[in-house]
Amino acid sequence: MTPHPDPSDLRAALRERADTSGMRWLEEALTRVAQRRSAIGTLFPAAGRECARGTLVEDSEEPRAVPRTWTCEDAVRALLLTALPLEGAELGSEVTALYRYGDAAEKRGVLRGLGLLRADEGLVEAGLPLVRDGLRSNDTSLVAAALSEFGASHLDAPAYRQGVLKCVFLGIPLRDVAGLPERADAELARMLNDYARERSAAGREIPADVWRIVDPPRFHPREEA
Amino acid sequence: MRIFDPHIHMSSRTTNDYEAMYRAGVRALVEPSFWVGQPRTSVGTFVDYFDSLVGWEPFRAAQYGIAHHCTIGLNPKEANDPRCRGVLEVLPRYLAKDGVVAVGELGYDAMTAEEDEVFAAQLELAAEHELPVLVHTPHRDKEAGTRRSLDVIRESGVPVERVVVDHLNETTVEAVAESGCWMGFSIYPDTKMDEDRMVRLMRQYGVERVLVNSAADWGKSDPLKTSKTAHAMLAAGFEPAAVDRVFWANPVEFYAQSGRLRPETPVTAGDNGATFAGNSIERGSR
């Protein structure tokens with residue numbers, strides 16, 4: 001299972017990575033956003049420059065509070081989103097603007113940060129189109145971020161399955177995809193079985209992640225007569 | 001030999017180019033926003049283009065081990081189309097991005113009043129955002145265009161050491177050398193400069209404040225012209241240290257004035273260990 005961090009987990013992880021001036025910048029930024037929503041427009045892109053960048057937690061098989069894929073910038077941006085004094089559709093429209101005009105790293109921060117916000121109807125309505133946009137991308141970091149907590153909780157079954165299949169196709173590790181224990185179903189197994197058969201017919205290697213979903217004894221390399 | 005191409009339009013190039021550039025030693029580059037072959041007619045197409053300069057293209061470059069940064073601006077040719085003028089309003093959003101290390105390409109195409117206005121407005125933006133400026137000199141009426149560009153730069157109050165005036169040749173280099181601005185040269189197969197003429201100019205003017213680029217784009221051009229010019233320098237007796245100065249230290253010094261340059265790390269790869277971990281990413285068949 002991929003972990004689902006809350007703001008205190010992110011703060012704790014950031015304290016290990018950012019220096020004093022970076023953490024001071026973060027606290028001031030959170031205060032400014034809480035006071036005036038529009039402040040986030042210039043603070044959001046500056047997260048890496050001003051606070052910290054790079055890997056947030058060491059890669060490990062051990063269970064931990066923060067997923068290994070999160071960067072320091074992601075954590076800073078997620079915290080900034082939680083500081084917005086907004087909810088519902090208003091929060092949704094602010095988040096949409098940050099995504100629309102964000103660079104790849106900012107878009108990723110939005111997709112991951114959505115999972116920390118209260119998912120009422122207004123936010124889900126605004127957030128889902130961003131997740132679908134991320135899934136349409138060919139940038140693997142965006143596809144992966146689209147299938148973090150928020151996307152995994154709110155995508156309908158066909159879109160979620162297509163997202164997981166795309167991850168296998170692009171080589172994004174399934175251990176970084178949220179929601180699989182609850183959402184992997186027979187139809188997803190069928191799709192991955194077909195994908196594996198196509199690889200096998202072409203004489204190509206079958207990605208090991210296929211076997212997370214497809215039961216090896218039930219895999220048929222050829223279409224049955 | 002490590003190479004930093006300070007001006008190349010990778011959106012128009014193939015993955016074969018990225019591979020060949022890496023083999024030739026290119027580890028970092030700057031992609032200036034400019035016109036594309038087909039004129040654009042709306043702000044929306046610019047926004048998508050800018051998005052790819054701070055999103056998709058750095059991702060592509062990172063696959064090949066090359067750090068990608070860009071410059072953002074409304075180019076002089078499209079400054080003449082009133083339908084594109086709204087681009088000026090979206091620029092501040094992009095000038096705040098991590099991967100943006102200068103404002104540009106600015107300057108003149110046909111030296112119209114519209115080009116004057118848009119050039120001056122963007123020099124103001126550069127001063128406000130404390131970013132370097134990349135100035136394109138016109139293909140036609142180049143000498144007059146270069147002098148007029150230098151006048152506008154002086155009036156703007158942007159410090160000359162933060163400006164590169166590009167696409168120079170034998171007739172325009174002198175004025176820029178005297179101005180204190182950086183001197184940019186584009187090495188092309190048929191037009192602009194070639195390798196041997198470039199070597200001659202460096203003998204005459206030295207290597208200080210000199211940036212040499214391939215400016216490769218969608219026209220007849222060659223993304224390996226940086227490497228070819230570096231080898232021509234060595235063959236002509238320049239020390240390896242002078243070559244490294246021109247093809248690494250100089251572009252790093254110029255663009256580092258933005259405070260955002262990270263020439264050692266492919267921008268996207270450095271930001272996401274997990275999706276680039278191991279060999280998983282290279283295998284994906286996109």
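The values are calculated or read from the model by the stated rules, or taken from the named source; none is laboratory data. As the structure is a computational prediction, the values presented were derived from the model and not from experiment. Because the Cβ atoms are built from the backbone with ideal geometry, glycine has one as well, and the counts that use them run over all protein chains shown. Side chains included, ligands, DNA and RNA excluded: accessible areas come from the protein's heavy atoms. Shrake-Rupley method; radii C 1.70, N 1.55, O 1.52, S 1.80 Å.
Observations
- Straight-line cross-link partners of A:Lys166 among the lysines, defined as a Cα under 20 Å from its Cα and at least 8 positions apart when in the same chain: A:Lys107.
- For the protein assembly as shown, the convex hull drawn through the C-alpha positions has a volume of 165 cubic angstrom per residue.
- Chain B - mean residue ellipticity at 222 nm from DSSP helices (-39,500 (n - 2.57) per run, n ≥ 4, rounded to 500): -12000 deg cm²/dmol
- With at most 13 neighbouring Cβ atoms within 10 Å, loop GluC sites (Glu not before Pro) (DSSP) excluded, longest segment of chain A: A:88-204
- Within the accessible area of the protein assembly as shown (1.4 Å probe), percent carbon and sulfur: 48
- Residue by residue along A:99-111, Cβ atoms of other protein chains within 10 Å of the local Cβ number 5 on average.
- Cα centroids of segment B:1-56 and segment A:107-141: 28 Å apart.
- Calculated mean residue ellipticity at 222 nm for chain A: -17500 deg cm²/dmol, from DSSP H runs with n ≥ 4 weighted as -39500 (n - 2.57), summed, divided by the residue count and rounded to 500.
- Under a model in which nothing but the beta-carbon of Lys, Arg (+1) and Asp, Glu (-1) is charged, the protein assembly as shown shows a dipole of about 740 debye around its Cα centre.
- Evaluated over segment A:61-124, the Cα radius of gyration and Dmax, each in Å: 12.2, 39
- Across segment A:152-225, Cα-Cα distances exceeding 20 Å account for 26% of all pairs.
- Springs between Cα atoms under 10 Å define the GNM used for chain B, and in it the highest mean-square fluctuation of B:Gln63, B:Gln204, B:Gln38 occurs at B:Gln38.
- Per residue value of the accessible surface for segment B:151-198 (all protein chains in place, 1.4 Å probe), Å²: 39
- Cα long-axis angle, helix A:186-201 against chain A (0 to 90 degrees, to the nearest 10): 70
- Spherically averaged projected area of chain B from its Cα convex hull (nm²): 14.2
- In plain terms, the chain from B:Glu253 to B:Arg140 could stretch by 37.7 nm, reckoned as 0.36 nm per residue minus the Cα-Cα distance.
- The calculated FRET efficiency for the pair A:Asp156 and A:Arg24, based on their C-beta separation and a Förster distance of 35 Å, comes to about 0.25.
- Degrees separating the helix A:157-170 axis from the principal Cα axis of chain A, which is the longest one: 80
- Simple spin-label estimate for A:Arg183 and A:Ala202 in nanometres, 7 Å along Cα-Cβ: 2.5
- In nm, spacing of pseudo-spin labels at A:Asp120 and A:Trp211 (7 Å Cα→C-beta vector): 4.8
- Inter-probe distance in nm under a simple model that places probes 7 Å from Cα toward Cβ, at B:Thr15 and A:Ala97: 3.8
- 10 Å Cβ shell holding at most 16 others, DSSP loop, trypsin sites (Lys or Arg not before Pro): longest site-free stretch of chain A: A:119-203
- Under a model in which nothing but the beta-carbon of Lys, Arg (+1) and Asp, Glu (-1) is charged, segment A:95-225 shows a dipole of about 280 debye around its Cα centre.
- Here the calculated FRET efficiency for B:Glu161 and A:Arg132, from their Cβ-Cβ distance with R0 = 60 Å, stands at 0.85, rounded to the nearest 0.05.
- Sparsely packed loop sites in segment B:137-237 (the trypsin sites (Lys or Arg not before Pro) outside DSSP H, G, I, E and B with at most 15 other Cβ atoms within 10 Å) comprise B:Arg140, B:Lys220.
- Using a probe of 1.4 angstrom and keeping all protein chains present, the accessible surface of segment A:7-156 works out to 40 square angstrom per residue.
- For chain A, the ratio of Cα radius of gyration to the globular rule of thumb 2.2 N^0.38 Å stands at 1.09.
- Chains A and B together bury roughly 2500 Å² of accessible area, counting both sides, with a 1.4 Å probe on protein heavy atoms only.
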